[in-house]
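Down below is the structure, laid out as structure tokens.
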Amino acid sequence: MALPTHLLPTTVVGSYPQPDWLLNRKLLSKIVPRTRMQELWRIPGEFLEQAQDDATVLAIRDMERAGIDIITDGEMRRESYSNRFATALEGLDSANPGQVKTRSGSMTPVPRVVAKIRRTRAVELRDMQFLRANTALPVKITLPGPFTMGQQAKNDFYKDDEEMAMDFAAAVNAEAHDLQKAGADIIQLDEPWLRNDPEAAKRYAVKAINRALQGITVPTVVHLCFGYAAVVPGATKPTGYSFLPGLADSIAQQISIEAAQPKLDLGVLKDLAGKKIMLGVLDLGDNGIETAELVAQRIRAGLKYVKAADLIPAPDCGMKYLSREVAFGKLKALAEGAAIVRREIS
């Protein structure tokens, strides 16, 4: 599918709200699962895939109706952005989890790495095939990044975390090649935990990201954020990233950053010359729906640092913790706000 040729094409970061009939959203609001949490699903196992298919169609249609240019499957099949893929890999023990400190300082259960990490089967291939079959729009699919997966696991096998991250990267790369063959127009790596250990990130994050994207010929994205707005309050978010300039050395063509809720100093975008910027212009910590003009203002602010041909307006982060009504309203404002600015600069 050809990507949009007009300026300021809109997209989503990845997730969209799962229906209440599919998933226990009250339970979800308390945790971002790293191990599997089957108790989140409201549908019996024998009907779960069918229900997830139906929810995926609803998410696709909402994005289409809102006017978004590049859509995803809404990640309806995922308990979190990372655990569906990570826990499917050989070498991880989720039944006897370890613990790591989260970015907010609390301890959370994570898979233990007990043997060499290997991808023994496709994980998101059917997801990609289903998405491609159910829309004529350009589509993007997301994968957890290798650095973030390493940060979300307890290393009980490898000599060091870099060696572990490189095996995660090889697994991601094999999956990405299958997703590209299945029709992905864009592949995105979610790497929010680059901020968790900036020193380790400086040592090997770009090396791992580049390995994960090796040989991929469709456009690629690396997404950074400060955490879901529902989990990390805006007042606690910094106004700058500790590991952003380093991504200029990655082979990813696009960098996706959260900017609206933390009121990011957009001067940091100058560090990413040569990259396209997926700029967060929807504040997901505010349940109010932005006006199209407010979205347009945030896009104009980005255009002070990034030329229009390199700016892709998007939400700050995944939208799964919002209500569906609010998420749809925000996406509609995103499409309308981008259209306002597009008319001004065309």
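For the reader, a short list of remarks on this structure follows.
- Rounded to the nearest 20, the size of the Cβ-charge dipole of the stretch 282-326 about its Cα centre is 200 debye, with Lys and Arg at +1 and Asp and Glu at -1.
- Peptides 248-260, 71-83, 113-125 ordered by packing proxy, namely the average of other Cβ atoms within 10 Å per residue, highest first: 71-83, 248-260, 113-125.
- Relative contact order of the stretch 25-345, defined on C-alpha pairs under 8 angstrom at six or more residues apart (%): 14
- Dipole check for the chain: with +1 at the C-beta of Lys and Arg, -1 at the C-beta of Asp and Glu, and the Cα centre as origin, the magnitude is about 320 Debye.
- Entries in K207/K275; K270/K330; K154/K207; K140/K270; K202/K307; K30/K320 that, when Cα-Cα distance is taken, lie over 19 Å: K270/K330; K154/K207; K140/K270; K202/K307
- Among beta bridges identified by DSSP and lying wholly in the chain, the antiparallel ones come to about 25 percent.
- Annotation: extensible slack from Q253 through V57 equals 67.7 nm (criterion: 0.36 nm per residue apart, minus Cα-Cα distance).
- When the helices of the chain are scored as -39500 (n - 2.57) per DSSP H run of n ≥ 4 and the total is divided over every residue, the value at 222 nm lands at -10500 deg cm²/dmol.
- Proximal charge balance of N210 [Cβ under 15 Å; K/R count +1, D/E count -1]: +1
- Amide N proximity, the stretch 28-53 versus W21 label position 7 Å along Cα-to-Cβ, cut-off under 17 Å: 41-53
- Net charge of neighbours whose Cβ lies under 13 Å from the Cβ of A2, counting Lys and Arg as +1 and Asp and Glu as -1: -2
- Relative exposure of K275, K26, judged by other C-beta atoms within 10 Å (fewest first): K26, K275
- Residue exposure sequence - R112, R324, R34 - by fewest surrounding Cβ within 10 Å: R324, R112, R34
- If R0 equals 25 Å, the separation of the Cβ atoms of H177 and L48 corresponds to a calculated FRET efficiency of about 0.35.
- I299, I31 arranged by Cβ crowding within 10 Å, fewest neighbours leading: I31, I299
- Gain in span if fully extended, E344 to V218, counting 0.36 nm per residue against the direct Cα distance: 42.4 nm
Values in this text are rule-based calculations from the coordinates and carry no lab data. Since the structure is predicted, the reported quantities are computational estimates derived from the model, not experimental observations. Because the Cβ atoms are built from the backbone with ideal geometry, glycine has one as well, and the counts that use them run over all protein chains shown.
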